[in-house]
Each structure stands twice: as structure tokens, then as C-alpha cells.
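Peer 1: Submitted below is the structure of interest, expressed as C-alpha cells.
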Amino acid sequence: MLRKCCERFVAPETLFFVVVWVAFQVHFRERAFSDPGTLWHTVVGESILRDGFMTTDPFTYTHPGRTWIPQQWGGEVVMALLHRVGGFDALLLAFSTGIAALFTWLFARLRRAGLHWSLAAVLACGALFVASFHFYIRPHLATMVFLAVTMAILVDFDRGRASLGRLALLIPLFVVWTNVHGGVLGGVLSFGLVAAGWAGSYLVGRPGPITSVRTGFGVLGVLCTCALTPFDNPFGMEMIHTWQRIVGSTVMAQVVNEHKPLGLSSPLDQMLLAFALLYCVLLAGTLPKLRTEFRFTWLVPLVWMVLMFKGIRQGPLFVMTATVVVADFWPHTRWHDWLKKYGDSLAYGTVTPLRPSAFALPSALVLLALAVQAAGISVPVFGRGWASFSRDFVPTDLTDAIAHELDTAPGRPRLFNDCNLGGYLIYYHPAHKIFMDDRFELYGDPWLADYVDAAEKHPERIEEYCDRYACTHALVGVEFTRTPFDTYLSNSPRWHEVARGQGAVLFRRVSLSTP
């Protein structure tokens with residue numbers, strides 16, 4: 001009886017989901033919130049729900065009235081709604097559930113490609129581990145999910161497992177994607193490259209999914225419509241201009257870690273390179289059958305690999321596309337043939353379709369957690385109060401001191417702050433405008449370059465900023481050791497240390513110069 005029950009309700013995918021879900025609820029309870037954008041994205045979403053869209057900067061005293069739009073508004077609204085239901089615990093729950101569901105789906109595709117569950121788990125977990133450096137609770141996670149789904153639809157259409165109607169589902173997907181994150185441009189790029197390959201195959205008489213002029217025009221129509229979806233947003237061309245400023249920024253590529261090119265010095269770089277080499281080795285296994293089995297979808301991860309070398313933020317997108325594609329070409333590799341010949345227990349021909357009952361346990365687990373959080377019940381791992389902030393990145397230990405200092409200071413206090421502390425101030429001290437945060441598309445390259453020069457090489461220039469904007473206080477990061485701003489302010493007779501926390505320190509300006 002028990003065995004039959006387990007066979008019905010517990011599949012390898014069930015166990016994979018539960019393990020990943022629990023692991024993320026535990027390991028990422030702090031780490032998922034270590035990006036300053038998490039806090040201000042939530043505030044922006046709440047502001048949209050309350051007051052509608054803003055079109056100018058609402059947070060800084062340095063750029064009042066400058067054009068700024070919430071170009072990730074769809075994700076921000078979702079974050080705000082989750083926050084209303086269960087606070088940051090609900091955000092963590094959605095984060096863990098989304099990641100676990102994504103990689104369980106990839107695990108299932110690998111199994112159905114003929115990989116034994118153990119090998120499929122190793123590959124899926126390897127992809128999960130390599131991509132996890134960019135896992136933060138921000139709308140950019142949607143791009144990882146949507147790109148993986150896009151690749152799966154393209155692969156299935158290429159194999160004849162999906163109709164033109166299913167391919168057309170990319171249109172509404174891209175509309176949603178447009179209003180959640182600018183990564184939709186990567187989806188259009190991937191689709192365009194594959195469609196061009198399909199058209200070329202048809203023109204030279206090679207087998208492919210385009211078997212007639214009618215089908216070709218159908219694919220072209222879907223592609224053109226998808227290419228127009230970035231214009232389907234509440235802000236029109238301003239959304240496109242915002243993306244152009246982000247992609248075209250030369251300063252961000254030099255100073256923002258996730259925009260920097262891939263190197264070989266850090267463990268992160270080495271892990272991404274190792275996964276790239278693994279993909280190339282697996283792809284090389286198709287060479288004996290390349291003439292008869294080659295698919296243009298197999299080349300898309302190579303494009304993302306090149307983009308990854310230009311900016312490591314593309315690394316997770318390479319991992320997503322590569323994992324989807326490996327599940328497609330695996331049965332056509334010499335490695336699969338070798339396992340079938342010498343280790344048939346590790347290579348299956350077919351796999352029993354996943355029963356709907358296998359989703360019962362994961363669904364019940366997530367719904368139970370959501371109900372517990374909505375009820376405000378404190379339970380470890382999935383209840384209220386479990387999600388937390390690392391004080392190295394979010395100085396919640398200074399919240400009371402900052403509030404007291406700003407509320408009791410004479411006149412109109414104004415706070416200079418490190419850019420990484422802007423999101424914290426926006427969320428915890430909404431009544432006070434900030435100096436800047438990490439919305440770098442608002443500030444522009446000259447401002448960002450000037451700030452980085454001051455923060456890294458000339459901390460004394462904080463006096464220029466404070467004179468220009470009449471700042472009375474400064475909140476600067478500590479980052480495990482004293483930063484240049486911290487060192488300068490601590491040794492300057494013009495500044496008095498008010499409170500020091502684990503990751504930040506608050507100063508009061510003793511002598512204020514006339515601007």
C-alpha cells in the first residue's frame with residue numbers, strides 16, 4: 001500500500017523539487033536579499049499600486065524632476081503584492097518556488113532525453129550551482145525563466161513536437177517579458193537567430209521545421225510580432241531609451257561587477273568557464289551525426305557564451321539555454337551511445353510520462369507555506385520571520401539610530417549615502433530623499449564615473465558633494481574593512497560618528513560650509 005502510494009505521488013522530479021526548495025529556503029534566507037535593488041523594487045511596486053506610474057525620479061534630492069520610469073514595473077508590482085501578503089517571507093517563498101520549479105522542469109527534460117535520474121540530477125544541479133551567483137530577489141530572475149521557456153518552445157518546434165500555434169505562444173510571453181525585464185531583447189535575438197537558420201535550411205533544401213512557404217511565412221509572422229512586443233509597454237519609446245542607456249553604458253561595464261567581462265581570476269569566472277567547456281564537450285559528441293541531426297537551436301548557447309565573456313551577467317542565461325539544448329541533443333551524441341553500450345543502466349530509451357499526482361506534494365508544500373505566512377505564524381524554514389537581512393549589506397542595526405538622528409536634527413537634515421545603501425534608505429526611511437542608489441540609468445555615465453572616482457580614490461571629495469547639496473549627515477558602507485569614505489570621515493574633524501553598525505556607519509557633519 002505504502003509502495004503504491006509512493007509510486008503514485010513521489011517521482012524523481014518530486015524529490016528534486018522538494019530538496020531544491022528546502023535548500024533555497026535555508027541557504028538563501030539572507031543571501032537572496034543581498035542586492036540593494038530588492039528593497040527599492042518593492043517600494044516602486046507599492047507606489048505603482050497606490051499612485052500609478054511615475055515618470056520622474058521620486059527618491060533623490062540630486063536628480064529631482066529628471067525622467068525616470070519603472071521599466072521593470074510588472075515584476076515590481078508582483079513583488080509588492082507578495083510583500084503585502086507575507087512580507088519578505090512571501091518574497092523568499094516565491095523566489096525559492098520559482099527557482100525549484102525551473103530547475104525541476106530542466107531536470108525532467110534531461111530525464112526524458114534518456115539520462116538516468118542520477119546523471120540528470122548532477123547536470124541540473126551543476127547548472128543550478130553555476131547560475132546561482134546571480135540569484136537575487138529582483139525582476140531579472142524572470143528573464144532566466146522566460147529565456148529557458150523560449151528555448152524549449154524553439155527546440156520542440158524544431159523537432160516537430162510543437163505546432164505553429166504553440167510557437168505563437170511566444171507572443172504573449174514576450175509581451176509579459178517586456179513589462180517585467182529588458183531581457184526580452186535576448187529572447188528576440190535568440191528567436192531571430194534560430195528562425196534565420198530554419199529559413200536558410202529550407203532555401204538550400206535541408207530538413208527543418210519549415211517545410212513550405214506557408215510555414216515559413218507563419219514563422220516570420222510570429223518572429224516579427226515578437227520583435228514588436230518591446231514597444232507594447234506603458235512608456236512607449238522611453239522604455240527603449242532606458243534599455244539603450246543600460247546596454248550602452250561603458251562605465252557600468254567597468255565598475256559594476258555583474259557587467260564586467262569574464263576573466264579567470266575568481267572562482268565564479270572559473271565555474272562559468274568550466275560549464276562552458278562541459279557544454280562544448282557534450283556538443284562535440286554530436287559530430288559523428290552532425291550531417292543528419294544538426295539543429296540551429298544547438299548554436300544559441302554558443303552565442304550566449306560569447307556574450308558571457310563580455311559580461312558575466314549573461315552567464316546564467318548561457319546556463320539556461322545550454323541546459324535546455326543539452327536535453328535535445330543528448331540522444332544524438334557519442335556519449336549517449338557509449339553509455340547505452342557499456343552502462344545501459346545510466347541511459348534510458350524512454351521514460352514513463354510524469355503523472356499529475358507527482359505535483360501534489362510540491363503544491364501542498366508551497367500552499368501550506370503561503371497560508372502560514374499569510375496567517376502570521378512563525379515557523380522555521382517557511383513561516384513568518386524566517387527571511388532575514390545580512391547586516392553586512394542591509395544595515396537594519398542602524399535603523400533606529402538613523403531615524404532618531406534625522407527626526408531630531410534641527411532644520412532640514414539631508415543624508416549623503418553610498419549608492420549600495422540607497423535601496424535600504426528608500427525602504428526604511430521613505431520620508432527622506434537620498435543622494436543616490438543603484439539605478440544607474442538615472443544618473444548617467446559622467447555622474448557614475450565621478451562618484452566612483454570619489455568613492456575609490458578621492459574620498460575627500462565627499463565635502464564637495466555635501467557643500468553642493470547641503471548634506472548634514474553621511475551613511476557610508478563598512479564592507480568588512482573600512483572603506484575610503486569611512487576612513488576619511490572617521491579622521492576628519494568636520495565629522496562626528498553617530499553610530500556604527502556591522503555594515504555601515506552614520507556620521508553627522510559638525511561644520512557645514514556655505515555652498
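The values are calculated or read from the model by the stated rules, or taken from the named source; none is laboratory data. Since this is a predicted model, take the numbers as computed values, not measurements. Please note: Cβ atoms are built from the backbone with ideal geometry, for glycine as well, and neighbour counts cover all protein chains shown.
Peer 1: When only residues in segment 376-430 that are surrounded by 14 or more Cβ atoms within 10 Å (Cβ to Cβ) and among the charged types (D, E, K, R) count, which is farthest from the chain's Cα centre (by Cα)?
Peer 2: The extreme case among them is Glu405.
Peer 1: Here's another thing I want to ask about it. Only one of these conditions is not met by Pro64: (1) over 30 Å from Ala120 (Cβ atoms); (2) crowded, with 18+ Cβ neighbours inside 10 Å. Which number is it?
Peer 2: (2)
Peer 1: With over 26 Å from Ile312 (Cα atoms) and either out of contact with any Lys or Arg (no Cβ under 7 Å at 6 or more places or on another chain) or without any contact (Cβ under 8 Å) to a residue 60 or more places away in the chain (or both) as the only criterion, which of Thr242, Thr225, Thr250 stands out?
Peer 2: Only one candidate passes the filter, namely Thr225.
Peer 1: Quick one: His116 ticks every box in (1) at pLDDT below 95; (2) in contact with a Lys or Arg (Cβ under 8 Å, 6 or more places away or on another chain); (3) of a type outside the set (Phe, Trp, Tyr); (4) surrounded by fewer than 20 Cβ atoms within 10 Å (Cβ to Cβ) bar one, so which box is it?
Peer 2: The number of the failed condition is (2).
Peer 1: With respect to Ala94, is the statement that it is in contact (Cβ under 8 Å) with a residue 60 or more places away in the chain, part of a helix (DSSP H, G or I) and either under 30 Å from Phe33 (Cβ atoms) or not aromatic (Phe, Trp, Tyr) (or both) true?
Peer 2: On the way: in contact (Cβ under 8 Å) with a residue 60 or more places away in the chain: no; part of a helix (DSSP H, G or I): yes; either under 30 Å from Phe33 (Cβ atoms) or not aromatic (Phe, Trp, Tyr) (or both): yes.
No.
Peer 1: Can you find a residue in segment 147-160 that is under 21 Å from Arg295 (Cα atoms) and outside any helix (DSSP H, G or I)?
Peer 2: Checked segment 147-160: at least one residue is under 21 Å from Arg295 (Cα atoms) and outside any helix (DSSP H, G or I).
Peer 1: Tell me which residues, restricted to segment 159-187, are surrounded by 21 or more Cβ atoms within 10 Å (Cβ to Cβ) and either touching a strand residue (DSSP E or B) at 6+ places or on another chain (Cβ under 8 Å) or under 19 Å from Ile210 (Cα atoms) (or both).
Peer 2: If the condition is that a residue be surrounded by 21 or more Cβ atoms within 10 Å (Cβ to Cβ) and either touching a strand residue (DSSP E or B) at 6+ places or on another chain (Cβ under 8 Å) or under 19 Å from Ile210 (Cα atoms) (or both), then Leu167, Leu170 are the ones that fit.
Peer 1: Can you pull out every residue in segment 407-432 that is touching a helix residue (DSSP H, G or I) at 6+ places or on another chain (Cβ under 9 Å) and farther than 14 Å from Gly477 by Cβ?
Peer 2: Scanning segment 407-432 gives Pro413, Arg414, Ile426, Tyr427, Tyr428, His429, Pro430, Ala431, His432.
Peer 1: Can you tell me which residue within segment 449-475, out of those that are touching a residue at least 60 places away in the same chain (Cβ under 8 Å) and not in a loop (DSSP other than H, G, I, E, B), is nearest to Thr399 (Cα to Cα)?
Peer 2: Among residues in segment 449-475 that are touching a residue at least 60 places away in the same chain (Cβ under 8 Å) and not in a loop (DSSP other than H, G, I, E, B), the one nearest to Thr399 (Cα to Cα) is Leu475.
Peer 1: From the list Gly385, Gly311, pick out the single residue that is among the small types (Gly, Ala, Ser) and at positive phi.
Peer 2: That would be Gly385, the only listed residue that is among the small types (Gly, Ala, Ser) and at positive phi.
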